[in-house]
Amino acid sequence: MLSPAPLFLSVLLLLGLPIGLHSARQFQTLNMKPQYFNPKLPPPQLTASKRYEGSSDLVHLRYHMGPVLSSTPINIYLIWYGRWSASDQLLIKDFLLSISPAHTRRASPPSPSVSEWWRTVSLYTDQTGANVSRSVVIAREHHDSAYSHGTHLTRLTIQDVIASAVRSAPFQVDHKNGIYLVLTSEDVTVQDFCRAVCGFHYFTFPSKVGHTLPYAWVGNSGKQCPEVCAYPFAIPSYMAGSQPLSPPNGAAGVDGMISVIGHELAELSTNPLVNAWYAGEDPTAPTEIGDLCEGLYGTGGGGGYTGQLIRDGAGRSFNMNGRRGRRFLVQWVWSPILKACAGPNAID
Ligand SMILES: *[C@@H]1O[C@H](CO)[C@@H](O)[C@H](O)[C@H]1NC(C)=O
């Protein structure tokens with residue numbers, strides 16, 4: 001449902017009116033409880049043509065008989081390419097570690113949570129009836145801070161980065177549960193980055209890496225194209241008058257990456273060898289479970305609206321909780337049951 005009135009109010013609050021010490025306290029008081037709002041923003045440039053606006057009878061997401069990531073747990077092998085701050089690494093790792101359900105009720109982040117979001121991904125099965133695993137761990141990390149393959153990478157040299165990593169002990173080749181996640185720092189340019197893609201997933205070639213391993217790459221767009229890849233924390237400049245959303249962890253580039261990482265992991269898990277779950281007839285340009293819901297973060301999204309989000313007392317937007325009190329804004333994914341985009345912050 002669209003709600004222009006709260007939107008107007010939220011714009012006023014976003015503008016921070018009025019300014020001053022006394023008013024600042026008043027501002028905080030006003031925001032003691034998380035607020036719900038559904039901002040209207042210009043669509044991200046990259047994806048405008050590919051959006052399905054949340055649900056459509058025309059979407060035929062089909063299963064093509066290949067495997068999904070059903071082994072438990074899914075082992076993520078993290079490759080930090082370039083220079084990364086410890087705090088940015090911690091933030092991204094907190095997101096990844098929030099995917100698995102907590103071991104105890106007490107340790108569970110409040111609803112809506114990242115693990116509830118992944119529940120939709122775990123509804124996908126292979127032809128044996130095995131579901132995508134609900135549990136995800138970080139198996140190993142590799143730091144490539146010397147830019148072993150330069151500051152510009154192509155789709156193929158990303159595989160060389162993985163090859164170098166798996167040859168270095170104690171990193172390893174993990175055929176059973178392993179996925180490889182290459183994250184490039186904001187000074188690294190990547191083929192098609194900012195123009196056609198913000199991240200992608202595929203599998204490695206034996207001629208490059210020695211094995212066929214599912215992997216994903218996501219870049220930090222903070223300095224290169226935040227209005228494209230860190231949307232909605234930055235928006236295209238031609239939209240005068242619109243305000244970007246305030247990122248939940250105060251870092252547009254990395255907060256934006258987290259939604260892209262979520263998108264790629266969801267697709268990697270349901271289509272690791274690009275022969276399982278996708279829509280469209282062309283396997284070289286599959287439309288996958290994340291693509292179907294790009295730019296959608298809550299109920300009432302579409303038509304330029306992000307969907308209903310939550311805003312904290314400091315005006316920062318999020319739609320799910322993670323471990324250690326973290327908050328994230330992550331796009332929804334397509335549900336095979338609802339045949340629509342779904343997320344844990346949905347209003348029934
Ligand atoms: C596995 O997926 C099926 C089909 O989407 C779903 O009905 C079932 O609840 C899932 N099982 C688990 C254990 O998540």
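If Glu116 passes every condition in (1) out of contact with any Phe, Trp or Tyr (no Cβ under 9 Å at 6 or more places or on another chain); (2) over 17 Å from Ser71 (Cα atoms); (3) away from the ligand (no atom under 16 Å from the Cβ) but one, which one does it miss?
Only one criterion in (1) out of contact with any Phe, Trp or Tyr (no Cβ under 9 Å at 6 or more places or on another chain); (2) over 17 Å from Ser71 (Cα atoms); (3) away from the ligand (no atom under 16 Å from the Cβ) is unmet by Glu116, namely (3).
Just the residues that are crowded, with 20+ Cβ neighbours inside 10 Å and not in a loop (DSSP other than H, G, I, E, B), please, taken from the stretch 339-348.
Of everything in the stretch 339-348, those that are crowded, with 20+ Cβ neighbours inside 10 Å and not in a loop (DSSP other than H, G, I, E, B) turn out to be Cys341, Ala342.
Are any of the residues in the stretch 221-232 within 24 Å of Leu78 (Cα to Cα), part of a helix (DSSP H, G or I) and among the polar types (S, T, N, Q)?
The answer is no; no qualifying residue exists.
Does the stretch 326-338 contain at least one residue that is in a helix (DSSP H, G or I) and more than 16 Å from the ligand (Cβ to nearest atom)? Quick ask: steps written out before the conclusion?
Kept after step one, since they are in a helix (DSSP H, G or I), are these residues of the stretch 326-338: none.
No; the residues of the stretch 326-338 include none that is in a helix (DSSP H, G or I) and more than 16 Å from the ligand (Cβ to nearest atom).
Based on this model, can you work out whether Ala230 counts as of a type in the set (Gly, Ala, Ser), touching a residue at least 24 places away in the same chain (Cβ under 8 Å) and buried (at least 16 other Cβ atoms within 10 Å of the Cβ)?
Yes.
Out of the stretch 194-215, which residues are crowded, with 24+ Cβ neighbours inside 10 Å and outside any loop (DSSP other than H, G, I, E, B)?
Gly199, His201, Tyr215
Among (1) of a type in the set (Lys, Arg); (2) within 16 Å of the ligand (Cβ to nearest atom); (3) under 21 Å from the mean Cα position of the chain (by Cα), where does Lys93 come up short?
For Lys93, the failing item is (2).
Scan Asp291, Asp255, Asp282 and give me the residue that is of a type in the set (D, E, K, R) and more than 27 Å from Gln224 (Cβ to Cβ).
Details: Asp291 fails: more than 27 Å from Gln224 (Cβ to Cβ); Asp255 fails: more than 27 Å from Gln224 (Cβ to Cβ).
Selected residue: Asp282, the only one of Asp291, Asp255, Asp282 that is of a type in the set (D, E, K, R) and more than 27 Å from Gln224 (Cβ to Cβ).
Name the residues in the stretch 265-274 that are crowded, with 24+ Cβ neighbours inside 10 Å and either more than 10 Å from Pro214 (Cα to Cα) or aliphatic (A, V, I, L, M) (or both), would you?
Hits for the stretch 265-274 are Leu265, Ala266, Glu267, Leu268, Thr270.
Among the listed residues Thr212, Thr189, identify the single one that is free of Cβ contacts under 8 Å to residues at least 60 places away in the same chain and over 19 Å from the mean Cα position of the chain (by Cα). Can you show your working first?
Numbers: Thr212 fails: free of Cβ contacts under 8 Å to residues at least 60 places away in the same chain.
Matching residue, one of Thr212, Thr189: Thr189.
Kindly indicate whether any position in the stretch 100-117 is out of contact with any Lys or Arg (no Cβ under 9 Å at 6 or more places or on another chain), closer than 20 Å to His201 by Cα and among the basic types (Lys, Arg).
Within the stretch 100-117, none of the residues are out of contact with any Lys or Arg (no Cβ under 9 Å at 6 or more places or on another chain), closer than 20 Å to His201 by Cα and among the basic types (Lys, Arg).
Pick from Ser164, Ser148: which is away from the ligand (no atom under 16 Å from the Cβ), among the small types (Gly, Ala, Ser) and in contact with a helix residue (DSSP H, G or I) (Cβ under 8 Å, 6 or more places away or on another chain)? Reasoning before the result, please.
Working: Ser164 fails: in contact with a helix residue (DSSP H, G or I) (Cβ under 8 Å, 6 or more places away or on another chain).
Step by step, each of Ser164, Ser148 is checked, and only Ser148 is away from the ligand (no atom under 16 Å from the Cβ), among the small types (Gly, Ala, Ser) and in contact with a helix residue (DSSP H, G or I) (Cβ under 8 Å, 6 or more places away or on another chain).
If we keep just the residues of the stretch 286-308 that are assigned to a loop (DSSP other than H, G, I, E, B) and small (Gly, Ala, Ser), which is nearest to Met239 (Cα to Cα)?
Filtering the stretch 286-308 down to residues assigned to a loop (DSSP other than H, G, I, E, B) leaves 286, 288-290, 294-301, 303-304, 306-308.
Applying the additional criterion that residues be small (Gly, Ala, Ser) yields 290, 295, 298, 300-301, 303-304, 307.
On the way: Gly290: 26, Gly295: 17, Gly298: 22, Gly300: 22, Gly301: 19, Gly303: 16, Gly304: 12, Gly307: 19 Å.
Going through the qualifying residues, I end up with Gly304.
Quick check on this structure: which one of Thr306, Thr284 is more than 16 Å from the ligand (Cβ to nearest atom), modelled with pLDDT under 95 and farther than 13 Å from Tyr36 by Cα?
Numbers: Thr306 fails: farther than 13 Å from Tyr36 by Cα.
That would be Thr284, the only listed residue that is more than 16 Å from the ligand (Cβ to nearest atom), modelled with pLDDT under 95 and farther than 13 Å from Tyr36 by Cα.
Here are some conditions: (1) assigned to a loop (DSSP other than H, G, I, E, B); (2) touching a residue at least 40 places away in the same chain (Cβ under 8 Å). Ala169 meets all but one. Which one does it not meet?
Here Ala169 meets the rest and fails (2).
How many residues does the stretch 87-99 contain that are closer than 23 Å to Ser133 by Cα and in contact with a Phe, Trp or Tyr (Cβ under 8 Å, 6 or more places away or on another chain)?
Result for the stretch 87-99: 3.
Filter the stretch 149-160 down to residues that are under 22 Å from the mean Cα position of the chain (by Cα) and surrounded by 17 or more Cβ atoms within 10 Å (Cβ to Cβ) and give me whichever is nearest to Glu186 (Cα to Cα). Talk me through it step by step, then tell me what you get.
Pass one, the stretch 149-160, residues under 22 Å from the mean Cα position of the chain (by Cα): 153-155, 158-159.
Those left that are additionally surrounded by 17 or more Cβ atoms within 10 Å (Cβ to Cβ): 153, 158-159.
On the way: Leu153: 13, Ile158: 16, Gln159: 19 Å.
Within the stretch 149-160, the match that is nearest to Glu186 (Cα to Cα) is Leu153.
Among the residues of the stretch 293-338, which ones are surrounded by 23 or more Cβ atoms within 10 Å (Cβ to Cβ) and either basic (Lys, Arg) or more than 25 Å from Leu97 (Cβ to Cβ) (or both)?
Scanning the stretch 293-338 gives Gly295, Gly301, Tyr305, Thr306, Gly307.
The values are calculated or read from the model by the stated rules, or taken from the named source; none is laboratory data. None of these values were measured; they are calculated from a predicted model. Here the Cβ is made from the backbone with ideal geometry for all residues, glycine too, and neighbour counts use every protein chain on show.
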